1. Given H placed 1.01 Å from N in the peptide plane, which residues other than close sequence neighbours of A:Ile218 have an amide H under 5 Å from its amide H?
2. For C:Val28, what residues show an amide H to amide H distance below 5 Å, using hydrogens built from the backbone and excluding near sequence neighbours?
3. For chain D, what does -39500 (n - 2.57) per DSSP helix run (n ≥ 4), summed and divided by total residues, give at 222 nm, in deg cm²/dmol to the nearest 500?
4. Restricted to Cα positions, what overall size does the range A:99-158 have along the principal axes? Three whole-Å values, descending.
5. Counting only other residues whose beta carbon sits under 11 Å from that of C:Cys305, what net charge do I get with K and R as +1, D and E as -1?
6. Positive end of the dipole of the range A:99-158, charges at C-beta (+1 Lys, Arg; -1 Asp, Glu), about the Cα centre: which of A:Gly157, A:Val114, A:Ala143 has its Cα farthest in that direction?
7. Other chains near B:227-238: what is the mean number of their Cβ atoms within 10 Å of each residue's Cβ?
8. With springs connecting C-alpha atoms under 10 Å apart, model chain C as a Gaussian network and identify which of C:Asp16, C:Asp119, C:Asp303 has the largest mean-square fluctuation.
Amino acid sequence: MEPVIRVEHLKKYFATPGGPLHAVDDVTFSIEAGKTLGVVGESGCGKSTLGRTIIHLHESTDGKIFLDGRDITRLKGKELRQAREKMQIIFQDPYSSIDPRKTISSTVMEPLKVSGRYSRKEIADKTAELMSLVGIDERLRLAYPHELDGGRRQRVGIARALALDPKFVVCDEPVSALDVSIQAQVLNLLKKLQQDKGLTYMFVTHDMSVVRHISDDICVMYLGQVVEKCPSKELFAMPLHPYTKALLSAIPSTDIDNPTKREILKGELTSPINPKPGCRFAARCPFATEACEQPQVQEEVSPGHFVRCCRIREVN
Amino acid sequence: MPETKTAAAPVQQKAKKKSEFMRVMRQLSKNKLAMVGLAILIIEILLALLAPYIIPYDYAKMDVVNAFQTPSAAHLFGTDDTGRDIFSRVLYGGRYSITTGILAVLISLVPGIVIGAIAGYFGGQVDNIIMRILDIIQAIPGMLLMIVIASVLGPGFFNTIIALSISSIPGSARMLRAQMLKERENEYIEAAQSINCSKFRIIFSHLLPNCMSPMIVSSTMGVAQTITMAAGLSFIGLGIQPPTPEWGAMLSDARQFMDQAPHLIIFPGLAIAITVLALNFLGDGLRDALDPKLKN
Amino acid sequence: MPDNNKTQLPFLDIKDLVVEYVSDGEIVHAVNGVDLHLERGKTLGLVGETGAGKTTIAKSILRILPDVGAKICGGQVHLDGENLLELQEVDMRKIRGNKISMIFQDPMTALNPVQTVGDQIAEVVHLHLEHGDHTDPVARAKEMLEIVGIPAERYHEYPHQFSGGMKQRVVIAIALACNPDLLLADEPTTALDVTIQAQVLDLIGDLRKKYNTAMLLITHDMGVVAQVCDDVAVIYAGTILEYGTKRQVFKHPTHPYTIGLFGAIPDMNEDEEWLHPIDGLPPDPTNLPKGCAFSPRCPYATDECRKEPIKIYKTPDGHDCRCCRMGAIAKKEG
Amino acid sequence: MVRYVIKRLLWMIPIALGVAILVFTLMTATPGDPAQTLLGATATETDLAAKREELGLNDPYFVRLGDYLTNVFIKFDLGASWVTSVDIMDTIAVRMPRTLVLTIVTLIIAFGLGIPLGVMAATHQNKWQDSIAMVLAMIGVAIPNFWLALLLISLFSVKLAWLPPMGIEMGLVSYILPALSNCTGALANCARQTRSSMLDVIRADYITTARSKGVPERSVIYKHALKNAMIPIITAAGGAFGHLLGGAMIIETIFNIPGMGTYIIGSLNNRDYPVVQGGTIFLALAFSLLMLLVDLLYAAVDPRIKAQYAGKKRKKVKANA
């Protein structure tokens, strides 16, 4: 079965006075229908840019993007609009991702209006249906965003994203700005919507416990590159890449009986502006040698488990 | 979903739009000074509109016999060098000053918004070129530019308005551009792009409504500043010419008789000051009232 | 209170603290009668969600509540037996930065952008020099920079030349420059990435042990509490709902809100299909319900919970829980 | 830093060019015949034609523009006044200092009083000091400078005869009344700007950090807060100077001060185009130079801007151990 989204050697560089910024650098992966790919990494690793580039909010610099097997990398005009309807995004900051001047219902119905395929009555029905689907009370229909708390604003964002029945939804840190109790409500909602509507998610976050819970597969990014990708259970059970290990060991776990063995990373992120070829993590990696200076190749170490590190066998 | 429910939705939709205006007014009423400002403005506009019918004397009728009279029961503000009643002239003069202020700002808003929106939204080269042109125009101090344009167009009511509006276009364009650049960073603009909104729709249904409140506030202050500038122009003989009872022109006449009749200079100037003060109070009040974040 | 019935007051003892804000006409009940205490050298984790009043408590201890609108309406804060709330401003100033210091959440805005990093550290040293004490503030500042892992040559650089993690190290250097007895850390690592957070938490831990500093750690992350704290207090809408040692609270969470918090966090070891969120909306501090503030969202709430404020009960393993239906919950959960 | 200054100075050339073209076009677009105004109504047609030929008015627009630009930007010659045929550059050299003295004295009064007023209002927010200061500021902005000038003249010169109503014979003393009447607007705006930027800064986290370090309140306000608040205030100073320069135009005509204002307005009335053009270009250049000074002052106060100007090489971010 053709994966819903397939990406090959995707690159996105931003021009900066100091030279090209390699936000996304040679990323390859695919996501099956109804599955969730978790994309995790620290700030500045390019995970948000990756999501936005796939759905054409940013124009990709190089590489290919396939939606349901169709190449949508260089689409323009009408075809791009049709493809865009099938790919939607949910944003991180509930306070800046909803237009403060519009009522809740007009925000949710806007995609329907813009598509121009629905009559006024159909729009009103679909809006009411969407709002009840994401659990927003009917009487809030004419409320303004500043009258709602963060959790319910995020639900409005979700309702807007689902208005055109998309197949693929990029969730860009949708719960990071919410409190723990509200976070759980929104995560459950996203999972239920996936099961009911067969949605395919690309879930971007920096919170490891959230990514473990919601994703089927996880890919770990560092400075624009995917350093490791595998099923989520396998990643936590047997991390291979040194950065993934350091990332997992840095998570403060709530299990007080066996605190995690600390592997403290030294140093700071190097600059993503015209970086040297080879492994970007070499500067901070305890196992780095000259071999790491060469460009790294993404190797399938075991079925479905890809790692981008040439010294993987010595490290484990 | 019961049928009747959704049918009611569109009707309520309109109710909500109107209540946005009510919300702003309710918020504004909390600010005492703004209310004082609004009251003064309404009274002035009423007086200016009714002026021809309520002024005690014909503003142009000369009565040289009792010239230079100090304020008295008969002549509330006294009479000028040719015996004309100053109170009537100030009231009638209100028509010129207020309309000049409001019209000039309105006329300058349209090109200002268009230029600002284009520079703000498209950015890049377009923004650069527009900004450089604005830099050149704004390199000339505002008042000087206006004086030059006024002398090019020649004196007179409409010419003054046009001169005033041209010289305030760069200001409002630059202001809207700055506001657009700030709003453009918000994620709801990216969201609009992701649901296939056209550039046109993003500018007019998302960006501009959110950039409007600071523009409304600055336009209110702009009217105040324009009234002062218009009076200044007439004062140096480039704006509205005497004998029309424009406040600036009246002050300019009164200048020659300062030693004999100092009272001549008080009332026209006071009228300008009060109008400008009222507009500034209102502008400050509007700044808080239009901020959607404030709980109502 | 955990059962240490020493007659003498603990090192830091907060009794029945009440703080209110006035925001555009409405009274915000930020802190509603909070009791906390802390022994010298120990760490107390204060856990709660946004708006629970955590930061207000810390600022009340240091008495740096913004004077517009915020006021401490009641209670006492004893440090070494001395009630800070009754001190004159000039005496309080001697304590700020010297006996008690504070670390803030957002390193990006916590440092003065137009003053060099070194000067900001030297300033606090200079302020608290007892007469006769001739340590040179600049030398001490350089020493502190090295201690927190920043090369001393960077003394004259400005905050915008440092990353988030490095800025937080400078804030820590400022806070610990005068060897304070108590450190108030208000979500010190929330704004940092997880690997940088690990570095900063380790740094705070080492320095605390070295100077035997007590710490009140404010956070919403249960993992950070598990890793760093000795005791835990769970706070909701300005009231402490559960209070005990880390082991007591983590092993036997009793209050429905604490249980809800643990349920809402995705567990690292098991794979539940669904999380157990806490339903309902966060509390509105301008009109809190009578009785237990959590009752609107509590699955076990009865009328008894809504009548009047709930007092503190002892749980089987001896820690505090402000819930009158503990028995019923234990049976159902057990 | 030097590199940045040179870049900004080079940048002034196109601006001056743009201003020249703009003013030149405006002048040519003015209706009416300059020769007629210069020679008066009695002049015969032949004299008028000769005059027009002499002033080169008959050449097409682009030719005259080309000549003018080459004169100004290549030969640095602003030409001579059509009325007095005195070289414009010399007149400007005499008159410009007077306008500058008036404007700078006004600026000093405005910011000297405005900043403390604003700080006082910000530190006593919503108390009586705050509301009084702000209402005074509102009134200050509302009073037109030419009306205040008349009031001050009638009080101090006519009634009390303490100060000269006209001219600059009395040296600095004669600048007092003009400066006072021109400064209320700038003073009021400066007070409001100081208050709002102080209020923003006081709410910043680093002020809470300073308080938590035990820094006394007075130095929190004057050392930490005011230094940060100065940045937007300096930007406002740049804008205010442009506004004052414009206001000076009118003030000079009232007080009969022979500065750039009277020079330009006078020449406008009798169609002395070269003077208007030369004067405007000169004022625009002076204004742009001043804005550059403001930016440099800005950089002196705010290290982040200084780092930007210092270019990439100096800003070494050392990776720590």
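1. A:Gly38, A:Cys230, A:Ser232
2. Here the answer is C:Tyr21, C:Val22, C:Ser23, since their amide H atoms fall under 5 Å of that of C:Val28.
3. Helices in chain D give a 222 nm mean residue ellipticity of -23500 deg cm²/dmol.
4. If we take the Cα atoms of the range A:99-158, the spans are 32, 22, 18 Å.
5. On the way: positive: C:Lys290, C:Arg306, C:Lys307, C:Arg322, C:Arg325; negative: C:Asp303, C:Glu304, C:Glu308.
Residues near C:Cys305 contribute +2 overall.
6. Toward the positive end, the furthest listed residue is A:Val114.
7. Numbers: counts 1, 9, 3, 0, 4, 8, 1, 0, 8, 9, 3, 3.
What the average comes to for B:227-238 is 4.
8. Per the Cα network of chain C with a 10 Å cutoff, C:Asp303 tops the list.
The values are calculated or read from the model by the stated rules, or taken from the named source; none is laboratory data. Since this is a predicted model, take the numbers as computed values, not measurements. Don't worry about glycine lacking a Cβ; one is built from the backbone with ideal geometry, like all the others, and counts go over all protein chains shown. Just the protein is used for accessible areas: all its heavy atoms, side chains included, with ligands, DNA and RNA removed. Shrake-Rupley method; radii C 1.70, N 1.55, O 1.52, S 1.80 Å.
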